[in-house]
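Working notes for the structure below.
The values are calculated or read from the model by the stated rules, or taken from the named source; none is laboratory data. If you're wondering where the values come from, they're calculated on a predicted model, not measured in any experiment. Virtual Cβ from ideal backbone geometry, glycine too; neighbours counted across all protein chains shown. Accessible surface areas use protein heavy atoms only, side chains included; no ligands, DNA or RNA. Shrake-Rupley method; radii C 1.70, N 1.55, O 1.52, S 1.80 Å.
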Amino acid sequence: MKKNNLGLLLILAGAVLACIGLYLIHAQEDAQGILRVLPFVCIGAGCGIFGHGVGDMANRWAMRKHPELERQMQIEKDDERNIAISNRAKAKAYDGMLFVLAALMVSFALMGADMAVVLLLVFAYLFIVGEFIYYLNKYQKEM
Amino acid sequence: MKNRLEELRKDRGINQEELAAALGVSRQTIGSLENGRYNPSILLAFKIARYFGRSIEEIFVYGEEGK
């Protein structure tokens, strides 16, 4: 019941956000700076959340009629081999992402891009590495 | 690591789907276990052993070359 409510909540939140975006477009005809983009961000995020909620509800509705299929999907989701494969793929993707981010930082710096852009990339890179170290320590204490 | 899973399953007269359903894993996992491509967690190894009424050592054979 609670999960159904979450889907409904997402639909409502998405619709409200998209409506706010539409309202802002009409209300601020000569908006400047961030306010010019904000309505479109609201519409985009609202539509995304709305779609996620509808998908969630449709999935639950379909599963309610086919409990056997739901059980099978739950088994596939909890299957230890599937989890191991997923974790290994994520680890590979993480290694690749660090390489790509590093290459991007160097490229942007060499291209003479704006310092703010390069610094944003550096902070994103450091944040990801910091998160990695945090979880490494956490799991070392737990296991 | 080698195992006797396929042999034991066939002795019991069940297919991979039935074994997978009994153990709560996917059919692909059973296939991979039987082919020796995947080594189970200790929990799954215990589940399998309990299902067949045998010890883990009777089903899974540790070998250095198979690491």
Within the range B:1-35, of all residues that are surrounded by fewer than 14 Cβ atoms within 10 Å (Cβ to Cβ) and polar (S, T, N, Q), the one farthest from residue A:72 (Cα to Cα) is B:35
Would you mind stating whether residue A:58 is open to solvent by 50 Å² or more (accessible area, probe 1.4 Å) and within 30 Å of residue A:136 (Cβ to Cβ)? no
Of the residues B:38, B:51, B:62, which is of a type in the set (Ser, Thr, Tyr), open to solvent by 30 Å² or more (accessible area, probe 1.4 Å) and touching a residue at least 60 places away in the same chain (Cβ under 8 Å)? B:62
For chain B, list the helices (runs of 4 or more DSSP H) that sit wholly inside it and hold at least 1 residues that are more than 14 Å from chain A (Cβ to nearest Cβ); which are they? B:5-12, B:42-52, B:56-59
